[in-house]
Structures are given as structure tokens and as C-alpha cells.
1. Can you tell me which residues in the range A:283-324 are assigned to a strand (DSSP E or B) and surrounded by fewer than 24 Cβ atoms within 10 Å (Cβ to Cβ)?
2. Among the residues of the range B:147-162 satisfying the criterion of being facing another protein chain (nearest Cβ under 9 Å) and within 18 Å of B:Leu66 (Cα to Cα), which is surrounded by the most Cβ atoms within 10 Å (Cβ to Cβ)?
3. Tell me, which strands (runs of 3 or more DSSP E) wholly within the range A:29-110 include 3 or more residues that are at pLDDT 95 or above, within 14 Å of chain B (Cβ to nearest Cβ) and more than 22 Å from A:Val271 (Cα to Cα)?
4. So, of the residues in the range B:163-188 that are outside any helix (DSSP H, G or I) and more than 7 Å from every other protein chain (Cβ to nearest Cβ), which turns out to be nearest to B:Asp116 (Cα to Cα)?
5. Could you pull out the residue among A:Leu97, A:Leu144 that is over 30 Å from B:Gly37 (Cα atoms) and of a type in the set (A, V, I, L, M)?
6. Pick from the range B:1-40 the residues that are part of a loop (DSSP other than H, G, I, E, B) and of a type in the set (Phe, Trp, Tyr): which of them is surrounded by the most Cβ atoms within 10 Å (Cβ to Cβ)?
7. If we keep just the residues of the range B:87-108 that are in contact with a strand residue (DSSP E or B) (Cβ under 7 Å, 6 or more places away or on another chain) and either surrounded by fewer than 17 Cβ atoms within 10 Å (Cβ to Cβ) or part of a loop (DSSP other than H, G, I, E, B) (or both), which is farthest from the other protein chains (Cβ to nearest Cβ)?
Amino acid sequence: MSRLQSPRSERELRARNDSAWLLPTDGSRTNHRLRDDMRRFDDADEVDLVVVGAGAGGSVLTQRLARAGWRVVCLDAGPFWDPDADWVSDERGSHTLYWTDPRQIGGSDPVPMGSNNSGRGVGGSMVHYAGYTPRFHPSDFSVLSDDGVGADWPIAYTDLRPFYEAIEQELPVAGQDWPWGDPHSYPHSPHPVGGNGEIFQRGALAAGIETRVGPVAIANGRFGHRSHCIYRGFCLQGCKVNAKASPLITHVPDALAHGAEIRPDSMVTRVVVDDESGRATGVTYLRRGREHFQRARAVAVAGYSIETPRLLLLSPTERYAAGLGNDTDQLGRYLMVQGAPQTSGRFEDEIRAYKAPPPEVSSEQFYETDPTKPYRRGWSIQNVSPLPITWAEHVVAQGHWGAPLREYLRDFVHWATIGALCEFLPQPANRVTLADEKDRHGLPIAHFSYSQCDNDRMLTQAATESMEAILKAAGASEVMTIDRYAHLVGGARMAARAEDGVVDADHRVFGIPNLYVVDGSVLPTQGSANPALTIMALAARAADRLAAQARRGLTEQQAVRA
Amino acid sequence: MPFRPPHRHGVTPQGRGRFPGFDVLDSVDAWDDVTAGVVLRRLAHPADLAFFTPHEVSVAAPLLDLLLDQDEEPRVPVLELLDERLAVGETDGWHYDDLPEDGEAWRRTLAWLDDDAAERFDGARFAELDAGRQAALAQDVQTRSSEGQKWHGVSAERVWSLWTRYACTAFYSHPWAWNEIGFPGPAYPRGYLNVGVGARDHWEVADSVDRRPTPFAERVESARREHAALVERHHRAHLRAHHREGGTR
């Protein structure tokens with residue numbers, strides 16, 4: 001049950017973010033009245049901020065600045081989801097949740113896109129993320145200084161900590177007391193564990209590896225007007241229950257109640273910058289087949305690691321001929337994915353891994369650099385529970401097809417699965433560029449080139465061995481591993497100097513004082529943590545910085561000098 | 001519950017399965033209407049083919065049957081489900097920079113498979129070969145995929161992944177396949193009450209085969225032998241033919 005029970009802490013939370021109390025209590029999942037009554041700006045209104053993308057970064061930024069009294073419009077290329085009408089409790093039918101505009105992938109280790117790492121519509125990819133919300137470790141912010149690889153952040157863990165704490169309360173996050181990184185507790189106590197999680201705990205215990213339940217952004221018990229989890233196992237298909245956190249229910253309702261506009265189905269095609277003043281003046285976007293221009297005093301791009309660099313590359317001017325924020329040839333570079341091998345083990349007992357949320361139990365025992373090993377940095381291990389279509393991919397990856405494929409699939413209920421997130425290093429050639437191919441809007445599509453380095457391969461190997469050891473220790477008679485990737489971050493990274501990145505520590509694009517990037521693309525390193533919580537915490541911090549400047553009466557130009 | 005005529009209860013593809021009496025459609029009343037609509041539509045007679053040409057069908061239909069071991073009725077209409085998807089361009093969006101988008105990639109790779117048939121079996125069309133020879137040609141692509149080799153100039157792994165991804169997505173989206181594997185399908189708004197190792201809810205059915213003293217490893221080995229018997233006779237034959245011609249592709 002909730003530890004967040006005292007009237008005082010609830011009052012404090014609601015004074016910061018009332019979203020959970022703005023949802024309906026009648027068994028439906030969307031407050032239609034709130035959406036109908038939403039404030040609507042005119043294209044010709046010069047709003048204080050236009051935000052591009054209503055995902056983890058854009059939604060939190062919009063909510064925070066609306067609370068601070070800013071006039072904010074947030075545009076999203078996809079729909080304004082209604083979980084009742086738009087989402088299904090079905091693996092195949094959830095295709096509409098992903099960004100499926102064309103993209104090209106290349107390099108020596110191309111990264112497939114689509115369902116695994118892209119979102120679309122209000123809530124972004126958090127609509128279909130598993131729900132794991134670990135913090136980064138303090139060491140993640142000084143990897144270059146400490147380990148001689150990757151990059152240092154221009155901010156420290158302590159800069160982000162208060163925002164981690166705030167967002168953990170707002171989602172809210174459930175889990176056991178956390179011993180790794182900066183030790184901390186969670187506002188909600190841990191969820192009960194299903195068969196898959198039991199196997200992980202049993203195997204880890206036998207193998208001498210520490211695990212903890214959580215951290216999962218699924219309320220344990222009711223939270224505001226949100227329902228409790230029903231353990232149906234379809235987290236990755238969008239939570240029809242409103243139990244799992246996504247910005248659609250954790251930040252957008254409060255943003256609307258404080259006068260922000262969410263404008264869905266609006267594909268931004270260009271950030272417009274006036275060369276004479278050196279300032280962004282708004283964005284061009286397509287809606288219902290018509291081109292519009294939304295005027296704004298400032299622009300924040302929050303389109304994630306592929307679309308953010310693409311949009312900035314699609315917005316060149318005479319002065320910024322290589323694209324916005326690309327004066328030092330940094331835009332689109334250092335894009336990262338985590339190596340995410342998943343290992344399954346076969347058990348005599350029925351596990352029925354689909355019968356609980358996929359996110360259950362984690363270990364961060366291997367997160368930090370082990371000086372006795374030839375590789376730097378590490379990995380985390382978490383439960384995952386592939387549904388049948390995804391499970392078939394695991395089996396096919398072993399080389400099975402035809403009768404053996406069917407036999408393994410018939411054995412679905414007997415398998416438990418865990419997955420690793422390996423900290424692959426940022427590399428300059430892992431980059432988004434524009435391809436010759438065009439999308440249906442006539443705009444060049446993104447090309448994402450990705451190649452692994454030796455450290456990456458060693459981490460995958462070590463992580464796989466650790467997972468196989470856990471499942472064998474749990475009594476598995478057979479194990480199988482599939483190599484894959486998870487998450488995207490980087491591509492417009494934060495740096496102390498323009499030579500090393502695209503934005504400064506306040507998310508401001510170098511050289512354009514009123515243009516910001518507030519999403520996962522600013523991350524200089526990725527740790528072995530799922531990125532959603534960190535992206536939200538960064539957005540909350542960015543909003544705090546912007547609001548503070550505005551309160552001091554500084555223009556963006558003055559703020560840069562200050 | 002929607003009406004179901006006799007003999008349509010607990011259907012599994014080719015009548016294979018381990019969960020006797022289990023039928024996910026018995027739970028339709030416990031599903032939300034949007035999800036029920038999406039799932040029940042898969043039971044309807046498929047639309048006429050709109051994407052593949054007749055010649056492409058002659059390659060794709062036996063290939064898909066082989067990939068999923070659908071050697072008799074009742075079949076999940078994988079070809080039709082796949083055709084419908086490609087006809088409306090419902091892809092994941094991304095494609096490798098050395099392959100065209102998925103629809104064109106399907107056309108191209110089916111043509112290559114037909115070319116292989118002609119090259120290895122005296123000008124025969126893929127459709128004219130018996131299942132064993134067809135399976136041997138498919139196995140060749142899979143072997144190249146496992147070994148990181150190219151096939152007709154592109155990564156065999158990417159081609160194999162394209163075929164199996166589309167085939168498995170169609171097959172394992174079908175309620176008959178869920179009956180076969182004991183997966184209850186949609187779970188909103190009911191959810192589950194009994195979670196944990198060995199725990200079942202009352203609408204779930206125990207694995208019947210596993211209770212018999214037939215270890216899983218033996219069953220898989222038997223499936224492997226059956227599959228290998230299909231492939232290998234011809235695989236050896238065509239390898240000989242291949243060496244005779246001294247050709248590599």
C-alpha cells in the first residue's frame with residue numbers, strides 16, 4: 001500500500017501536480033471535459049513557448065511552465081490518445097502506438113526502430129514502455145573523468161536529485177528501498193511478484209546476486225483517481241487501466257488545467273529562425289493537410305533522439321546552413337542505444353510470465369565499472385515477459401523454424417525471461433543524418449547509422465553470461481539468449497562547450513538563445529538505466545531554470561550572458 | 001458470448017496443441033469491446049488478395065506454410081493476413097539502407113527464392129517442387145543467416161528476419177494459435193488474480209502434455225528430427241547439384 005498517505009504530503013504533491021486527481025472516477029480513463037475546455041491559442045498569438053513533442057520531456061516541460069504562468073502550446077505529430085477507445089489489450093493490434101514513418105538504418109550494427117524504441121502521440125514512447133523507472137547513478141555524470149571513456153555531463157547527480165524525488169512522487173514509483181547508486185526509498189511499496197519475478201529472485205539468490213523489487217512507475221494501490229494495477233501483462237501495449245504512468249495521465253491533465261494547449265495531429269516541419277536577430281520565431285507545422293506557423297517567444301524541441309536531430313537538420317537558414325545547433329558538427333552524433341540481450345530459461349513448472357506486469361524485479365549489482373575486468377562500465381538486469389509474437393522472435397533467433405518453432409511456442413507457459421541493459425558507449429559516428437529518401441510530407445527522412453565498439457561487445461557477452469548463470473541457478477533445464485537493443489538517447493547532447501555538444505547545461509542550443517532541446521537526445525551518457533525517469537527529471541529541472549530566469553526578468557539573450 | 005456453431009470450439013492450427021478444451025474465445029465476454037473487435041476480426045474470411053501477384057503467391061504460400069509448419073487444415077490464413085498488411089503499407093517504418101521498404105523487399109526476396117529453385121532444380125519453379133525441396137531452399141537461407149553470409153548480395157539474416165517476423169506476427173496474433181500454446185489473450189478489464197510459479201486462474205488450462213513422462217527436451221528433439229527429415233534428404237541432393245555447377249551466388 002501507499003506510503004504516500006499523510007494528508008500533508010498529498011497536499012504538497014497536489015500543489016505541484018494535480019494530474020491524478022483530474023482523471024475520471026466513473027470507470028472511464030479520459031477526462032473529456034478537461035480536453036473540451038482546453039485553452040486554445042491562435043497561430044498568430046505569440047505564445048511564451050511552443051514545445052515540439054508531448055512525450056516524457058515535452059509533457060513535463062509544458063506542465064511545469066504552465067504552472068509557472070507561461071502561455072504554452074505543445075504540438076505532437078500523433079493523436080491525443082483515449083485509452084478506452086484507442087488502445088487494445090492485444091500485441092498485434094497495438095501497432096498504432098509506434099512511430100512508423102519511414103526511417104533508414106545502417107552502420108555495422110543497425111538498430112531496428114518501430115515498436116521497441118519509438119513513440120507517437122501524446123504520452124510518447126512512455127505509453128508503451130515497460131514502466132521501469134530507475135535513477136542514474138552518481139557515477140554516470142563523470143564517466144570520462146572516472147573511467148576514461150564516454151563523456152562527462154555539465155551537471156552532476158546532485159543537480160538532478162531533487163527532480164528525481166519530485167517525479168518519483170508524481171508517477172508514482174513503487175519499489176523496495178534501493179541500495180545502489182545514491183541509496184533511496186520509493187513513495188509506493190513494492191508490487192507482488194509473479195512467476196517470472198519469482199524465478200529471477202530464486203536464481204539470483206542461488207547465484208549470489210542481489211535483487212530488489214521495482215522500481216516501477218505503477219501505483220501500488222489507488223493513486224488519486226487512477227485505478228490499481230490488474231496484473232494483466234500488457235504494459236507494452238499501452239495501459240488501458242491508467243495504472244502505469246505515462247505523461248498522458250501524469251502531467252498532461254495538470255498542464256491543461258493550468259492553461260496549456262496540447263495540439264495533437266500536428267507534424268512540425270521546421271523551426272523558424274530569423275538570421276538577423278539570431279532568434280527562433282516559431283515553428284511551421286502541418287495539420288489536416290494545411291501548413292501553419294505558430295508564433296512563439298521561445299521554442300523547445302522534444303522529439304526524441306531521431307526526430308529532434310532530424311527537425312534541426314530540416315531547419316537550416318543562410319546563417320545556420322548546416323542546420324540549427326550544428327555549427328560545430330555535433331548535431332545527431334553520439335546517439336546511443338543500450339545492448340539489451342534477453343535470456344529465457346525453461347522450467348518444469350508453469351511460469352505464465354504474461355500474468356503480471358513485465359517490470360517486476362531488478363539488479364544493479366553489475367552497474368558500475370569492475371576494475372578487474374577488461375571492459376568499462378556495466379549492465380543492469382530486469383524481468384521482461386515477451387508475449388507470444390515477441391517470444392516467437394526469441395525462438396527464431398535460435399535458428400528454429402517449422403516444427404521446432406511450433407514446439408517451442410507450445411511450451412510458452414514454461415519459460416521465464418530476464419533482460420540486461422548494457423551501457424554502450426557514445427561514439428561520434430553513431431549519428432542521425434538526412435537520407436535522400438522522402439516521407440509522405442516530402443521531407444527527407446532520417447538515416448541512423450550505428451556500430452558497436454569492442455567495449456560494447458564485451459559488455460553484452462558478460463551480461464549474457466550473468467543472466468544464463470541466474471536462470472541455471474534457478475533450475476532451468478535449457479536457456480536461450482537473443483541479442484537486441486533497447487532505448488535511444490543522445491543525438492543533441494548537453495555539454496559545457498559548443499565544441500562538444502548541441503545544448504548547454506540549461507538545454508539551450510548553442511548559438512540560438514531562445515531555442516531549447518528538452519528530451520532524451522540531450523543525454524551525454526546513458527548508464528544501464530531505463531531513461532524515462534531521467535528524461536522527465538531533466539525536463540523538470542529545465543523548466544525550473546527557465547521559470548527562474550523569467551522571474552528575474554531576464555530575456556534569453558541576457559540569461560546566456562548571466 | 002457470441003454464437004459459435006458446433007465443432008468450432010477449441011480450434012488449434014492443424015489440431016495441434018497441449019491444452020485440451022482451452023478456448024480463449026470462451027472469454028470474449030470478459031474483454032473490452034474495442035479489443036474484442038480487433039481479435040474477432042481475425043476469424044472472418046480474409047479479403048481477396050490485393051498485394052501479391054499470382055506468381056508471388058505461388059512462392060509465398062508454400063514458404064509461409066513451411067516456416068510455420070502449417071501442412072494441413074485448419075490453417076491460420078497467414079498469407080492473407082500478410083497480404084492485407086502489405087497492401088496498406090502497414091510496416092514498422094524503418095528499413096535497412098541496403099534493402100527497400102518491406103513490401104518491395106518481400107517482392108524481391110520471393111523472386112530470388114524462385115530463382116534459386118530454377119538454378120538448383122533444373123529450371124523448376126519454386127511452386128512445382130515438393131515440400132522437401134522447398135524446405136531445403138528455405139533452410140539454405142536460414143543457414144546463411146546463422147552464419148552471417150549474404151544471399152543474392154544482401155545479408156541473409158535481414159531476409160530471414162523479414163520473412164519470419166511477418167509470418168510469426170500474423171500466426172501468433174490468431175486466437176487459434178493462442179489456444180495451441182495456452183495463452184489467454186486479451187485481459188482487460190478482468191486481469192489476473194493468481195500470479196506466481198504454478199498458479200492458474202480458473203479460465204486457464206494446465207499443460208496436459210507436460211504431465212506425461214515426456215521431457216521437453218525429447219519433444220523438441222523429435223520435432224527437430226521430423227523437420228530435419230523434411231529438409232536434409234533434399235539439402236544433400238541440391239548441395240551435390242550445386243557443387244556440380246560450381247556456382248556461388
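1. A:Thr284, A:Tyr285, A:Leu286, A:Arg287, A:Arg290, A:Glu291, A:His292, A:Phe293, A:Arg295
2. B:Trp160
3. In the range A:29-110, A:103-106 are the strands (runs of 3 or more DSSP E) which contain 3 or more residues that are at pLDDT 95 or above, within 14 Å of chain B (Cβ to nearest Cβ) and more than 22 Å from A:Val271 (Cα to Cα).
4. Per the stated criteria, the residue is B:His174.
5. None of the others qualify; the one that does is A:Leu144.
6. B:Phe22
7. B:Leu99
Residue-by-condition table, conditions (1) within 14 Å of chain B (Cβ to nearest Cβ); (2) surrounded by 24 or more Cβ atoms within 10 Å (Cβ to Cβ); (3) modelled with pLDDT under 95:
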residue: A:Ser125; (1), (2), (3): yes, yes, no
residue: A:Thr133; (1), (2), (3): no, yes, no
residue: A:Phe136; (1), (2), (3): no, yes, no
residue: A:Arg161; (1), (2), (3): no, no, no
residue: A:Glu168; (1), (2), (3): no, yes, no
residue: A:Gly181; (1), (2), (3): no, no, no
residue: A:Phe200; (1), (2), (3): yes, yes, no
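The values are calculated or read from the model by the stated rules, or taken from the named source; none is laboratory data. A quick note: this is a predicted structure, and the numbers were derived from the prediction, not measured. Methodologically, a virtual Cβ is constructed for each residue, glycine included, from the backbone with ideal geometry; neighbour enumeration extends over all protein chains shown.
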